[in-house]
């Protein structure tokens, strides 16, 4: 079967709006009316309520719209700023936080690796085939083991050895590289180091890959721990790294070649599979969601995640 080639067609002029506020009647109607009044077509929408949110029930909404009818494409920045200003007024009336992302904005991603190459190959190949709409300006590692992989793809490789005495300096150098290359997302693709709170506070969002039974079997040798406890099935998760080891919001579960949608937070099962490819596919799937702004932070499933919504 021939490999899928990236399409030469331009990406559609779409925007994804994310909104979070106190739950109340009429929220979907008010946001939908906002776009209808501006001749903007809604192409995808999802919303949910969290009855147990802090301070009372919370409402979360993700709405993707086609900008083709919103104004002249000749002055995109001005028309988009006007749309954002109008939406900000609506959000203020709703006492809501919100953000927006555009389909034609390509995010810049830094990949951190150690010695294992399966996730790195998977991500770079998917990016080259057009499955992951992002740029990969650099690869960072605490070893030189995968430098030849980076060279094959023409991606700059930065080996930064680390030890307990040099950890702070090494993380500072990583942050410098991330800032220098204007990185918007950091991916731990089997990067076998625990990032410090100092790093996570200052870095862009950091995505990690792990086995599918978090929060169980944290830390080192999770498969050994699971085997000793008699676990028979395992998949993979992608989650946001936080200061609590392996406790970040889980955004995607994968098992037996089936992606499990976390949109409503109810799909907490894993269908099995322990192949290295599960990790790469789970990580790629979560990065794809991040690039398309399809998930943002919310209730149990972290259903509508994007930058502190």
Förster radius 25 Å - calculated FRET efficiency between residue 24 and residue 104, Cβ distance, rounded to 0.05: 0.15
Gyration tensor verdict on the range 14-102 (Cα atoms; rounded if a/c is under 1.5, prolate if a/b is larger than b/c, oblate otherwise): prolate
Paramagnetic reach from residue 93 in the range 21-40 [backbone N under 14 Å; point 7 Å along Cα→Cβ]: 26-38
Residue 197 paired with residue 68, simple spin-label distance in nm, labels 7 Å along Cα-to-beta-carbon: 5.1
Stokes-Einstein diffusion coefficient of the range 76-129, Kirkwood radius over Cα pairs, 37 °C, 0.692 mPa s, in µm²/s: 222
Distance between modelled label sites at residue 179 and residue 54, nm, 7 Å Cα→Cβ extension: 2.8
Inter-label distance for residue 172 and residue 37, nm, one decimal - labels placed 7 Å from Cα along Cα-to-Cβ: 5.2
Rel. contact order, % - alpha carbon contacts under 8 angstrom, at least six apart, the range 14-102: 44
Relative contact order [Cα under 8 Å, 6+ residues apart], the range 53-143, whole percent: 24
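Bear in mind that the values in this text are calculations on the coordinates, not laboratory data. Keep in mind the model is a prediction, meaning the values are calculated, not measured. In this analysis, Cβ positions are derived from the backbone assuming ideal geometry, glycine residues included, and neighbour counts consider all displayed protein chains.
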